[in-house]
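First up is the structure itself, then whatever we jot down about it.
The values are calculated or read from the model by the stated rules, or taken from the named source; none is laboratory data. Values in this document were obtained by computation on a predicted structure and should not be read as measured data. Neighbour counts run over all protein chains shown; Cβ positions are idealised from the backbone, glycine included.
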Amino acid sequence: MKLIKLYQYIVIVFLLILLPFPSKAQEDLDKKITYKSEELQKIRDELATQKIQLEKAKNKEKSLLSKLEENEKDISLTSKLIKQLKREQSLKEQQIEQTKSSINRLSDNLKSLKENFARRIVHIYKQGDYNDWELILTSQSVNQAIYRYKYLRTISDIDKKSATNIRLNISAINNKKMQLITELKDQEKIIDEKKERQHALSKQKQQRDRQLKITKKDKNSFIAQIKSKEKAAAKLLNLISDLEKERENRRQELERQRQHAGIRAENPFLDSRGKLGWPVAGQVVSKFGMQKHPILKTITENSGIDIKVRKGTPVRAVLDGVVTTITYIRGFGNTIIIDHGSGFYTVYSHVENVNVFEKEYITRNTIIAEVGDSGSLSGALLHFEIWSNRTKLNPEEWLAGRS
């Protein structure tokens, strides 16, 4: 009977020693929150730099289009920051729930420890267990005396460990409660900053609407935007070139995600030539290559296609891939670039309400944003491009034919 009790004590102590340590899920979540916090700070820094540039340019003579584009970039960065704040808030809520669960688990553990220890003390008091020397001296043999001595030492060690574990659990609970207070304060800061940014965004959009109405009436602004689009095409080429340098870093992650999703093709994008789904269903108002501008009648080169649709239309990824870039490009407005592996990229411009994050793996047909009119004086439309390495391709040769 005593051996059974001894065994029970050993098992209980062993389990209680293990419980206070944080789980791997908790550690993974902590790492994720730290990483996202770094991403959040990058956007804050970028927005702060943009504000400084806007202040410096205030007293300079600026065209209507330049003022509009600067405000649109400000809106883009603020929207990106709000999106990241929402993500941070969600992760923080998960962290708070895990901390609460840890506190509850430790509290239950502490209660069990105290009850077991109390029963042990009561038993000793009632039974007079154990008069150590009496128990040893009444042994029937030397072996029995040695056994009883070891037994009493083990019981004593268990009692000490139980007392120590009670103190450790109390300390762990107090630490977790302090952690919870910090997490709740962090959550409050995130919510306050999100509200502040949303208020600023509302004002920026109102100002942008006023600027857009005035700019649309100015013929010089249309001419200036054509030049902006030429610069935008050059900037996009530079972005793609930079992405190509880092392509190998993304390849393994993309392959891992595709294996997990059951995609076995060696080059899914190349295999999908002429079969890709359209990012939006609408009228192609400007085709790939040399095109005549509908208003100015000038000849310009289009590095993709422009699809006219209603503002707010969902924009879908034509194939799975990794989101590499979410940025504002003058002339193209809000722009998303997706890496589909093997040097293939798709570009989606003039979008708003972006629904994805940089470095995120997304599947085919994922809604990545909505069609907007950022960077456009021609109303809502989607500018869509396909690149192979540093070469731009005609999207209509890759998209599925329409019946």
Checklist entry - What number of residues within region 228-246 satisfy the criterion of being among the basic types (Lys, Arg), surrounded by fewer than 16 Cβ atoms within 10 Å (Cβ to Cβ) and touching a Ser or Thr at 6+ places or on another chain (Cβ under 8 Å)? => result 0
Checklist outcome for this item: Picked from region 245-292 (must be basic (Lys, Arg) and part of a helix (DSSP H, G or I)), the residue farthest from residue 229 (Cα to Cα) is 256
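This table checks each residue for (1) surrounded by fewer than 17 Cβ atoms within 10 Å (Cβ to Cβ); (2) among the aromatic types (Phe, Trp, Tyr).
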| position | (1), (2) |
| --- | --- |
| 361 | no, yes |
| 364 | no, no |
| 372 | no, no |
| 379 | yes, no |
| 382 | no, no |
| 389 | yes, no |
| 392 | no, no |
| 397 | yes, no |
| 400 | yes, no |
Next on the checklist: Looking at the structure I just gave you, is residue 201 in a helix (DSSP H, G or I) and assigned by TED's automatic domain parsing to the domain that holds residue 326?
Outcome noted: no
Checklist entry - Does any residue of region 321-330 turn out to be surrounded by fewer than 20 Cβ atoms within 10 Å (Cβ to Cβ), touching a Leu at 6+ places or on another chain (Cβ under 7 Å) and farther than 25 Å from residue 79 by Cβ? => result no
Item to check | Pair list, Cβ < 7 Å and 6+ apart or interchain, from region 288-299 residues that are modelled with pLDDT under 75 to residues that are exposed (fewer than 11 other Cβ atoms within 10 Å of the Cβ) and assigned to a strand (DSSP E or B) | outcome: 292/299
Item to check | residue 351 being touching a Lys or Arg at 6+ places or on another chain (Cβ under 9 Å), among the hydrophobic types (A, V, I, L, M, F, W, C), crowded, with 23+ Cβ neighbours inside 10 Å and not assigned by TED's automatic domain parsing to the domain that holds residue 67 | outcome: no
Next on the checklist: Only one of 225, 259, 291 is loosely packed, with under 13 Cβ neighbours inside 10 Å and out of contact with any Lys or Arg (no Cβ under 7 Å at 6 or more places or on another chain). Can you tell me which?
Outcome noted: 259
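Out of the residues in region 69-104 meeting the condition of being of a type in the set (S, T, N, Q) and touching an Asp or Glu at 6+ places or on another chain (Cβ under 8 Å), tell me which one is nearest to residue 227 (Cα to Cα).
If we take residues in region 69-104 being of a type in the set (S, T, N, Q) and touching an Asp or Glu at 6+ places or on another chain (Cβ under 8 Å), then 79 is nearest to residue 227 (Cα to Cα).
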Checklist entry - Among 249, 220, 267, which is the only one that is exposed (fewer than 14 other Cβ atoms within 10 Å of the Cβ), within 16 Å of residue 338 (Cα to Cα) and at pLDDT below 85? => result 249
Next on the checklist: Of everything in region 198-217, what is surrounded by 13 or more Cβ atoms within 10 Å (Cβ to Cβ) and under 21 Å from residue 50 (Cβ atoms)? Give them in sequence order.
Outcome noted: 198, 200, 201, 204, 205, 207, 208, 211, 212, 215
Checklist entry - Within the group 231, 217, 213, 245, which residue is within 24 Å of residue 305 (Cα to Cα) and among the basic types (Lys, Arg)? => result 231
Checklist entry - Hey, among the residues in region 223-246 that are modelled with pLDDT of 80 or more and hydrophobic (A, V, I, L, M, F, W, C), which one's farthest from residue 70 (Cα to Cα)? => result 243
